[in-house]
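Input: a single structure, listed below in structure tokens.
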RNA sequence: GCGCCGUUCGCAUAGUGGCUAUUGCAGCGGACUGUAAAUUCGCGGCCCUCUGGGCAUCGCUGGUUCGAGUCCAGCACGGCGCA
């Protein structure tokens, strides 16, 4: 993998901006950055075909997930299929996330048996209730973290599995994406400073193990060796963020190897994009790409690019699409609202996507009411196109030397 | 005509005489940021001085009872069976 910066932004007052435009070159093609990368967790960008993702969305790469593909169909199958891209009929660049995030999102017990809120309130309530019965309610836990790795239960059949940094890298090599991520610990936003600090330290130790394992596997299988991105953690604490970024950014093995790029992890609040992301990007080496993990509302993308992010991934566009929500110029629409039943206009009159050019709000509303799956496809194409093109416009603005004004204009549109 | 069964929110359902009448679907609205998500959470009779309170309501009419969706009688409607 090779990263080239084409243009850096210089602010009107002559000060240096973190924003830049560049090109990531991989064995399967290039990614023009900044870029929004659609998420295809289980080797599919849900509800779409790869033709649609390439031609109608205009995406440059897709990101799949190690945890999910390891459980199903299994990394060996993907390896035998010829790798992730071949398996899913995506000829462009691919990423895999390491599975570290799943240890967090599946609801973990951390520290002194403290319960972590799962993805929705209900999960946390169930966990809280079981607390009264026994402090070691391993039945209700899906994953458990220790210093060596994570033990978790399969969401498919409940069977027990274990990921370590080494195992995650091995699986990711089997899956065969162009860019893979180090196995990290993503602490919950509710975690206190001490825990965040511990997660940063653990993520650092694991990062080194990932780097070592990757180096080992590269030698064994040099033809398809992926680029490895290290992950920065630290929550909303400036000292932890800067420390983590310095550690991961400068980490070098005795062989001279270091990370090819970086992921910025954690759960973010709205305000964090302009602060936490900036702290991190100020510390990371400038000549390597930075990926902001899991972030992608329109405003986040604009602020992310302004603060030095090169690539983004986010499930929001496809998840929202499947439940009838669409991004439009000035916010969001819920196509299931009664008002759209007889609205024969386009979804977004300013959008040039295939869905907006060819289908009415009334038709989309009908598809969702009738639970026809085409609705999810058409809205996914639109939402992905919408986000991909926000970032493309920002890229063009950087190349044209008009980033500041375009940024301000777009921020006005989306706030 | 006789016998049996049934009638509970738009539809479908639950409901040992006792507090606020259940659940699903449909309806209306909300949420969703490295996807346990084509998921999920609210609301859903009327009225008021609305962080609370009041009045209704289980086909209809009457009865038993401190208390009836629930028990009894009659009526209406529907289903099945027999004539």
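The values are calculated or read from the model by the stated rules, or taken from the named source; none is laboratory data. In this text the structure is predicted, and so the values were computed from the model without any measurement. Neighbour counts run over all protein chains shown; Cβ positions are idealised from the backbone, glycine included.
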Exception for residue A:101 within (1) modelled with pLDDT under 95; (2) more than 9 Å from RNA strand B (Cβ to nearest atom); (3) not in a loop (DSSP other than H, G, I, E, B) falls at (2)
Where residue A:85 falls short, out of the listed (1) closer than 23 Å to residue A:168 by Cβ; (2) surrounded by fewer than 19 Cβ atoms within 10 Å (Cβ to Cβ); (3) more than 16 Å from RNA strand B (Cβ to nearest atom): (2)
Somewhere in segment A:53-61, is a residue in a helix (DSSP H, G or I) and within 15 Å of RNA strand B (Cβ to nearest atom)? yes
Pairs, first within 14 Å of residue A:35 (Cβ to Cβ) in segment A:371-390, second at pLDDT 95 or above and assigned to a helix (DSSP H, G or I), C-beta under 6 Å, six or more apart: A:384/A:57; A:384/A:317; A:385/A:57; A:387/A:317; A:388/A:57; A:390/A:298; A:390/A:301
Given the criterion assigned to a loop (DSSP other than H, G, I, E, B), surrounded by fewer than 20 Cβ atoms within 10 Å (Cβ to Cβ) and at positive phi, identify the matching residue among A:43, A:12, A:47. A:47
Tally the residues that are touching a residue at least 40 places away in the same chain (Cβ under 8 Å) and away from RNA strand B (no atom under 16 Å from the Cβ), restricting the search to segment A:335-354. 2
How many residues, within segment A:267-295, are surrounded by 15 or more Cβ atoms within 10 Å (Cβ to Cβ), near RNA strand B (Cβ under 9 Å from one of its atoms), at pLDDT below 95 and closer than 21 Å to residue A:19 by Cβ? 2
Identify the residue in segment A:311-327 that is in a strand (DSSP E or B) and within 6 Å of RNA strand B (Cβ to nearest atom) and, among all such residues, is nearest to residue A:262 (Cα to Cα). A:313
